[in-house]
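Let me begin by presenting the structure, written as structure tokens, before commenting on it.
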Amino acid sequence: MSAPIVIIGAGIAGLVAAIDLQAARREVLVLDAAPDVGGRVRTTVVNGLIIDHGFQVLFTAYPTLKRYLDFDALALRKFLPAARIARDGQTSLIGDALANPSLLLDTIFARAVGLGDKLRLLALRRFAQQLTIDECFGARFAGISTREFLHARGFGTPVIDGFFAPFYGGILLDRTLATSASILLFTFKMLADGDTVVPAGGIGALTQQMAARLTPGTVRTGAAVRSLVTTNGRVTGVRLDDDAVIAAAQVVIATDAPMAARLAATVSLTLPEPTGARGCTTLYFTARRSPIPGKALWLNADHNAIVSHAVTLTDVAPEYAAGGRTLIAATSVGRPADFDDDMLDAAARRELCLMGNMTADTAGFERVALWRVPYSQYEQAPGWREHRPSIACGMPGLWRASETLHSSSLEGAARGGEMAAKALLHAT
Ligand SMILES: Cc1cc2nc3c(=O)[nH]c(=O)nc-3n(C[C@H](O)[C@H](O)[C@H](O)COP(=O)(O)OP(=O)(O)OC[C@H]3O[C@@H](n4cnc5c(N)ncnc54)[C@H](O)[C@@H]3O)c2cc1C
């Protein structure tokens, strides 16, 4: 039997590459260090509660990703296309009234954003929607920060700090708005072009569904690759942590960027991988009564917020908690995400109550999980696209499938996997 194409990593990029290579009748083996498939898109069920490994959503408009998923089978549950902004004990609902006309009155009367800025938001929505995804990532926008771009579109500091910072804290895990304007436009376009959802079975249902498309036995979990193996200047296999060597016709690295750089270094290759990381910590609480009800994402616009954004998941997807319980996800980003568990727990209880004007006794919180994901997304600072890795890694037999080929997102990872499979099939 000939050696398989070995894919290192069973996240979205690796799974998409494996699906395409198998569809082209290539022998494929996917190795993943973790005990289950999915990488950053995983879910654990704890006492009948669906706990995603960090709060995460799917935009149904992601064009590449959706080709690999059966949306009907995922039983997608929709968020309201709106954000509830909480500041100093006051809240305002700002929504996309074009997508959901019932949001019109709330949005018109929302005090958190002035009328001029509401009109600018509408114009920005139209602007982003008219762009193609490639145009969003064009040099015109990729080279400037979100903050600079918003200033250039006429938004003032109050709305930038009071609305965009918490909003993009929720989407880009970056309240500083230092991320490239391309990402702002890309996500604005995705928000306008489709729905924001979670599968009824948790976000991990996405990768479980993808893995189920592969021939049984294709994926080996609990198999950490320590190094690449070369023969006469060509990558011919991988060495696992237990020292076992697996021969490979080709090797595709589909890990996160820091691990890809480490694996490449084992054969003295330097890959131009992004180095910075955006992390977050999500706390999950059950509650007797949620202080932040509804299907919209709640944004904490207070200046010293520790919880950046939060949602009552069971109001969006009742399936997230068996027995009719209420499940809340509260996420910290930036420096607060690194605070210790007790500090985060106390701050989350306090801030959730403050956001919804409720006492802790009425809310009756019980913490059921806390997920830290220090590497949730890589940094996409202005100009990052000029330093993307290439699919061919500069050594025969070695390929890169990764979100870093496009953007740090579910769509970016799907594109990375698809591009790698296509290039490999074309070349071999
Ligand atoms: C909390 C959170 C919130 C997010 N929010 C959103 C969102 O709302 N929308 C959005 O579009 N994106 C979001 N993202 C980003 C999105 O999840 C990622 O961009 C995407 O999942 C990356 O997929 P990937 O396949 O490139 O990498 P990964 O999912 O990281 O997969 C890499 C795999 O490689 C494996 N691996 C690593 N090293 C080795 C080794 N040595 N040997 C074997 N296997 C190895 C890992 O175990 C992992 O399974 C979020 C991410 C997180 C964590």
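The values are calculated or read from the model by the stated rules, or taken from the named source; none is laboratory data. If you're wondering where the values come from, they're calculated on a predicted model, not measured in any experiment. Positions of Cβ are backbone-derived with ideal geometry, glycine not excepted, and every protein chain shown enters the neighbour counts. What goes into the accessible areas is simple: the full protein's heavy atoms, side chains included, and nothing from ligands, DNA or RNA. Shrake-Rupley method; radii C 1.70, N 1.55, O 1.52, S 1.80 Å.
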* Spatial separation of Cα centroids for segment 1-73 and segment 383-404, in angstrom -> 20
* Kindly report the accessible area of the chain per residue (heavy atoms of protein chains, probe 1.4 Å, no ligands, DNA or RNA), in Å². => 41
* Could you pull out every one of the aspartates and glutamates with an alpha carbon less than 13 Å from that of LYS295, ignoring same-chain neighbours closer than 8 positions? => ASP195, ASP315
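How high is the FRET efficiency from PHE127 to ALA3, r the C-beta distance, R0 60 Å, rounded to 0.05? Intermediate results must be reported in sequence, preceding the final value.
Numbers: r = 50 Å, r/R0 = 0.83.
Computed FRET efficiency for PHE127 and ALA3 comes out at 0.75.
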* Compute the distance in nm between two label points, each set 7 Å from the Cα along the Cα-to-Cβ direction, one at ARG262 and one at ASP106. => 4.4
* Asked: When the helix-only estimate is applied to the chain (DSSP H runs of n ≥ 4, each -39,500 (n - 2.57), divided by the residue count), what is the mean residue ellipticity at 222 nm, nearest 500 deg cm²/dmol?
  -> -9000 deg cm²/dmol
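Report relative contact order for segment 113-193 in percent, whole number only (criteria: Cα-Cα under 8 Å, sequence separation at least 6). Could you put the intermediate results ahead of the total?
On the way: 76 pairs, mean separation 33.8, N = 81.
Normalised by residue count, the contact order of segment 113-193 is 42 percent.
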* Structure fact -> Under the Karplus relation with 6.51, -1.76 and 1.60 and θ = phi - 60°, whole-Hz ³J(HN,Hα) for segment 136-144, x at Gly and Pro, equal 4, 8, x, 4, 4, 10, 5, x, 10
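State the percentage of accessible surface on the chain attributable to carbon and sulfur atoms; use a 1.4 Å probe and exclude ligands, DNA and RNA. Don't skip to the end; give the middle numbers.
On the way: 9350 of 17660 Å².
That fraction is 53 percent.
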* To do: Might you work out the accessible area of CYS353 for me, using a 1.4 Å probe with all protein chains in place, and round it to the nearest 10 Å²?
  => 10
* Hey, can you grab everything whose amide H is under 5 Å from the amide H of GLN250? Only 5+ residues off in sequence or another chain; H modelled, so Pro and N-termini drop out. => ILE5, VAL6
* In terms of Cα to Cα distance under 12 Å, which aspartates and glutamates are near enough to LYS422, apart from those fewer than 8 places away along the same chain? -> ASP20
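When only DSSP loop residues count, what trypsin sites (Lys or Arg not before Pro) in segment 281-385 have their Cβ near at most 15 other Cβ atoms within 10 Å?
Counting only loop positions with at most 15 other Cβ atoms within 10 Å, the trypsin sites (Lys or Arg not before Pro) in segment 281-385 are ARG288, ARG289.
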* **Solvent-accessible ranking of THR91, THR196, THR215, largest area first, probe 1.4 Å** => THR215, THR91, THR196
* Asked: Which percentage, to the nearest 5, of the DSSP beta bridges contained in the chain is antiparallel?
  -> 75
* Most mobile of SER402, SER268, SER390 per a Gaussian network model of the chain (Cα springs, under 10 Å)? -> SER268
* Calculate the spin-label point distance for ASP243 paired with THR359, positioning each point 7 Å from the Cα along the beta-carbon direction, and give it in nanometres. => 6.5
